[in-house]
1. List the distances, in nm and shortest first, from the label point of B:Glu129 to the matching label points in every other copy, placing each point 7 Å from Cα along the Cα-to-Cβ direction.
2. Can you spot the lysines whose alpha carbon is less than 21 Å from A:Lys200's alpha carbon? Ignore those fewer than 8 places along the same chain.
3. Which length gain, in nm to one decimal place, applies between A:Arg51 and A:Phe114 when the Cα-Cα distance is subtracted from 0.36 nm times their residue separation?
4. Angle check, please: helix A:18-28 long axis (alpha carbons) against the longest principal axis of chain A (alpha carbons), in degrees 0 to 90, nearest 10.
5. Could you report the buried accessible area between A and B, both sides summed, computed with a 1.4 Å probe and given in Å² to the nearest 100?
6. Where a ≥ b ≥ c are the square roots of the eigenvalues of the C-alpha gyration tensor, would you call chain B rounded, which needs a/c under 1.5, or, failing that, prolate if a/b is larger than b/c, or oblate?
7. If each label sits 7 angstrom from Cα along the C-beta direction, how far apart, in nm, is B:Ser190 from its counterparts in the other copies?
8. In nm, one decimal, shortest first: how far is the label point of B:Ser161 (7 Å from Cα along Cα to beta carbon) from the matching points in the other copies?
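The values are calculated or read from the model by the stated rules, or taken from the named source; none is laboratory data. As the structure is a computational prediction, the values presented were derived from the model and not from experiment. Note that we place each Cβ from the backbone using ideal geometry, even for glycine, and neighbour counts take in every protein chain shown. Please note that ligands, DNA and RNA were not included when accessible areas were found on the heavy atoms of the full protein model with its side chains. Shrake-Rupley method; radii C 1.70, N 1.55, O 1.52, S 1.80 Å.
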There are 2 protein chains.
Amino acid sequence: MSEQGILIVVSGFSGAGKGTLIKAMLEKYHNYALSISATTRMPREGEKDGREYFFVSREKFEQMIEEEQLIEHARYVNNYYGTPRQYVFQQMADGRDVILEIEIQGALKIKERFPEALLLFVTPPSADELKRRLVGRGTETMEVIRQRLHRAAEEAEGITSYDYILINDKLEDCVEAMHQLIQAQHRRVSGNLDFIEQMKSELSAV
Amino acid sequence: MSEQGILIVVSGFSGAGKGTLIKAMLEKYHNYALSISATTRMPREGEKDGREYFFVSREKFEQMIEEEQLIEHARYVNNYYGTPRQYVFQQMADGRDVILEIEIQGALKIKERFPEALLLFVTPPSADELKRRLVGRGTETMEVIRQRLHRAAEEAEGITSYDYILINDKLEDCVEAMHQLIQAQHRRVSGNLDFIEQMKSELSAV
């Protein structure tokens with residue numbers, strides 16, 4: 001099986017539990033590395049530079065684009081978000097699979113540049129369940145709920161650009177399913193061309 | 001996840017242990033069905049009609065082609081081999097995943113007609129190991145050995161048409177890997193469009 005790590009893009013509905021899922025994956029399996037995005041948005045309370053994001057100035061971010069230090073970047077609501085190249089490539093070269101938790105714009109750019117990347121979309125088991133999670137504990141205004149549902153409907157439009165859907169019903173099962181999808185990706189013929197070439201040449205050399 | 005069964009094509013080097021692998025899969029997991037091919041070749045000793053193959057006359061086979069009773073067929077060394085449609089479709093409709101053990105010609109036809117089919121190629125862990133298995137216990141003539149290696153080299157040319165390679169080193173591990181690849185296929189976005197459509201329409205209906 002291929003020894004180079006692969007790129008895994010994880011997107012999904014807000015409220016699908018992506019963060020919890022990835023955290024559980026990293027705790028259970030130790031061959032995965034989580035990429036940390038750079039952003040120009042301000043840190044929120046409790047966020048730490050280098051943990052949730054690398055918080056950088058707009059000038060710094062534009063310099064990173066200029067110097068091709070990012071493998072993808074996108075703009076949301078007047079802020080830049082991007083994936084620093086060096087960490088990702090280093091981890092992959094070391095044989096680790098790298099997880100990017102990014103949104104669809106970035107996901108599509110990754111797929112274009114790295115066709116072997118694995119694009120996963122995380123969803124609750126049903127729209128009703130998603131609504132329940134978005135509506136929350138009855139403390140939200142109707143306006144906020146409507147915004148969230150509207151955003152989820154938009155997010156749903158992008159699902160068909162992904163390779164697999166991961167239904168997050170029971171967390172443990174979802175962790176296993178994600179792990180298995182990644183292991184499967186290592187068995188792709190297109191990721192094992194060296195092995196195949198070697199086999200061919202050794203079989204012909206008789 | 002999709003409830004309709006999927007088609008799984010298993011090919012691989014002679015000597016890779018496909019038969020043993022599939023038998024172990026069917027014993028361990030009960031959601032798989034094995035398709036039995038029809039052929040015009042004569043039964044070998046110990047082979048039973050309806051177990052290894054459906055043995056039919058050339059006239060009968062050509063009638064089956066005519067009446068589109070086969071989802072693929074191919075000719076090898078003057079004999080026809082083909083996959084009867086009815087059993088496959090019935091099992092898939094019942095939600096069972098159907099395994100076809102066929103060669104590359106048939107595999108490519110399946111992929112063309114059923115793009116969602118999963119094409120697996122089974123290989124020993126190395127060319128040396130394959131050679132050892134092909135050479136056997138020292139009882140074969142050099143001529144037979146040369147023929148087998150030549151055939152393996154030909155088979156290797158086709159690997160890149162498959163989706164995944166399955167390295168058959170330890171049987172139990174290989175059974176698990178195959179099971180996981182099939183489970184992963186059920187999570188493909190393209191096989192879950194109904195779920196996605198329903199999600200979208202329910203989220204928009206607010």
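1. 3.9
2. Leaving aside lysines fewer than 8 places away in the same chain, those within reach of A:Lys200 are B:Lys18, B:Lys131.
3. My answer for the length gained is 20.2 nm.
4. The angle comes out at about 40 degrees.
5. Buried: approximately 3700 Å² between B and A.
6. Oblate.
7. 1.1
8. Sorted ascending, the copy-to-copy spacings read 3.3 nm.
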